[in-house]
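A short worksheet on the structure shown next.
The values are calculated or read from the model by the stated rules, or taken from the named source; none is laboratory data. Keep in mind it's a predicted model, so treat the numbers as computed, not measured. Cβ sites come from the backbone with ideal geometry, for glycine too, and all protein chains shown count toward neighbours.
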Amino acid sequence: MTTASDSDFALAIHGGAGTILRSRMTPEREAAYHAGLRRALDAGRAVLADGGAALDAVTAAVMVLEDEPLFNAGRGAVYTSAGKQEMDAAVMNGRDRAAGAVAGICGPRNPILAARAVMEHSGPVLLIGESAMAFCREHGIAFEEPSYFHTEQRWQALQDTLAMRRSGAEDQDESRKHGTVGAVARDRNGHLAAATSTGGMTAKMPGRVGDSPVIGAGTWADDETCAVSGTGHGEIFIRYAAGHEIASRMRYAGQSLEEASRAVVMDMLAPAGGSGGIIAVDRAGNVSLPFNCSGMYRGVVRGDGALRTAIYDEPLVEYGQS
Ligand code: ASP
C-alpha cells in the first residue's frame, strides 16, 4: 500500500490481471507493457497535476490503455465464441455517485467515452448493444471500423480456446482468457473516480456481460469511502459485489482501504474461484493493488510525478519524474 499527503493526488491504473506467464514473457514484451502503463499514467498525471478532476484523469488514462493493442479493451479487445468483439465500460464519479456504462458494443473507438456520455447525457446508467451505439452516434462519439479493433494475437487466442474446448481440455491460462483496463484517482480537491473498460473474456458467450460495467461489482466510486476498478473472473466479481463490498467494509466495519480490499480479493473472491485483482484509492489518497493470481499489469503516480509500474508479484519499479 502507498499513502499520500492531504493535498496530494493519486492515480492507480491496471491493464488486467491476465498476465503472460513469466516463463513466456520476453524482455521486449515486458518493456512494451511497462511503456504502455507509463503512457496511461502520464496522461492521468497531466490532468491531476493541473488541478483537474479525478473523473477526467481516469477517463484520460483509460483512453490511452484502450488505444494500446496490448491490453484487452478498445483496440485489441478479445473475441466472443462467435468471433465478434463485444466491449463493456463504466465510469463513476465519487463526488455525487453519477455513473454511466455501456455493454456489448463494438464501434466507438473509446468505449470509456461512450460510458461517460451515458453518464452525462442520459437518464439510464447502463445502455447496451445497438441502442448504446445509436446513442453514441447521436452524441458525436468517434467510431472505428471493425478492422481497427482486430489483433492477430487475440484472434489466435480465440482459435486456441475453441480448439481446447472442442477437445474437452480448456486450460486456465489467464493471459489467454483475461484482461481489462481500469483507473482510479483521488484529485487535489479530495474527489474520487473510477473507470473500467474491457473486451471481457476470450470465447465468452455472445451477449455475456462481465463485472466491468456493473456498478458496485467491477467499478465503484464514492468520496466517502473509495474508488475501485476490478479485473478478473467477472461472474464472481458480480456475485460478490466486489467494489461495493470493499466500500461497505470501510463504511460499516471501519476497515482501512488495504484491509478491505485485501480481504475481498484474497478471502472472498479467491476461494469462490474469482481469480483477479483490484486497484483502489481512498479519500486520503491511500492506494491498494491486491491480486490473487500470477500478476496484474499496474501502476501508480502521485504529486511527485514519479511513474511506478509492475507486472508480477514484485515491488513497483520507479521511472522518475516524467
Ligand atoms: N473482468 C472482466 C470480465 O469478466 C475480464 C477480466 O478482467 O479479465 O469481463
In the range 38-76, which residues are out of contact with any helix residue (DSSP H, G or I) (no Cβ under 7 Å at 6 or more places or on another chain) and surrounded by fewer than 22 Cβ atoms within 10 Å (Cβ to Cβ)?
R38, D42, A46, A49, D50, G51, G52, A53, D67, P69
Since Y79 meets every condition but one in (1) surrounded by fewer than 24 Cβ atoms within 10 Å (Cβ to Cβ); (2) under 22 Å from D211 (Cα atoms), which condition does it not meet?
(1)
Of all residues in the range 21-47 being hydrophobic (A, V, I, L, M, F, W, C) and over 21 Å from A193 (Cβ atoms), the one that is modelled with the lowest pLDDT:
L21
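A quick yes/no check of all residues on (1) more than 23 Å from H121 (Cα to Cα); (2) under 16 Å from the mean Cα position of the chain (by Cα); (3) within 16 Å of the ligand (Cβ to nearest atom):
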residue	(1), (2), (3)
V62	no, yes, yes
F71	yes, yes, yes
A77	yes, yes, yes
Q85	yes, no, yes
D96	no, no, no
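Against the definition (closer than 19 Å to A193 by Cβ and not β-branched (V, I, T)), how does H121 come out, yes or no? Even if it seems obvious, please write down each step before you answer.
Numbers: closer than 19 Å to A193 by Cβ: yes; not β-branched (V, I, T): yes.
The answer is yes for H121.
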Identify the single condition in (1) modelled with pLDDT of 95 or more; (2) near the ligand (Cβ under 10 Å from one of its atoms); (3) within 24 Å of A82 (Cα to Cα) that G207 does not satisfy, given that it satisfies every other one.
(2)
Positions within the range 32-85 being closer than 17 Å to G18 by Cβ and of a type in the set (D, E), in sequence order:
E66, E68
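State whether the residues of the range 10-20 include one that is surrounded by 18 or more Cβ atoms within 10 Å (Cβ to Cβ), at pLDDT 95 or above and assigned to a loop (DSSP other than H, G, I, E, B). So that I can check it myself, show each step before the final result.
Our first condition is that a residue be surrounded by 18 or more Cβ atoms within 10 Å (Cβ to Cβ); within the range 10-20, this holds for 10-20.
Then drop every residue that is not at pLDDT 95 or above, which leaves 10-16.
From the residues that got through so far, the ones that are assigned to a loop (DSSP other than H, G, I, E, B) too are 15-16.
Looking through the range 10-20, at least one residue is surrounded by 18 or more Cβ atoms within 10 Å (Cβ to Cβ), at pLDDT 95 or above and assigned to a loop (DSSP other than H, G, I, E, B).
Among the listed residues P271, P290, P213, identify the single one that is in contact with an Asp or Glu (Cβ under 9 Å, 6 or more places away or on another chain), surrounded by fewer than 24 Cβ atoms within 10 Å (Cβ to Cβ) and at pLDDT 95 or above.
Checking each option against the conditions leaves just P290.
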Identify, by number, the condition in (1) modelled with pLDDT of 95 or more; (2) within 16 Å of the ligand (Cβ to nearest atom) that H178 doesn't meet.
(1)
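Take the residues in the range 224-252 that are more than 27 Å from N189 (Cα to Cα) and among the hydroxyl-bearing types (S, T, Y); name whichever of them is farthest from the ligand (Cβ to nearest atom).
Going through the range 224-252, the residues more than 27 Å from N189 (Cα to Cα) turn out to be 231-241.
Subsequent filtering for residues that are among the hydroxyl-bearing types (S, T, Y) retains 231, 240.
Details: T231: 4, Y240: 13 Å.
Restricting to residues being more than 27 Å from N189 (Cα to Cα) and among the hydroxyl-bearing types (S, T, Y), the top hit is Y240.
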For the range 187-204, enumerate the residues that are more than 10 Å from the ligand (Cβ to nearest atom) and aliphatic (A, V, I, L, M).
L192, A193, A194, A195, A203
Filtered residues of the range 243-267 (kept if crowded, with 17+ Cβ neighbours inside 10 Å and more than 17 Å from G94 (Cβ to Cβ))
Q255, E258, R262, A263, V264, V265
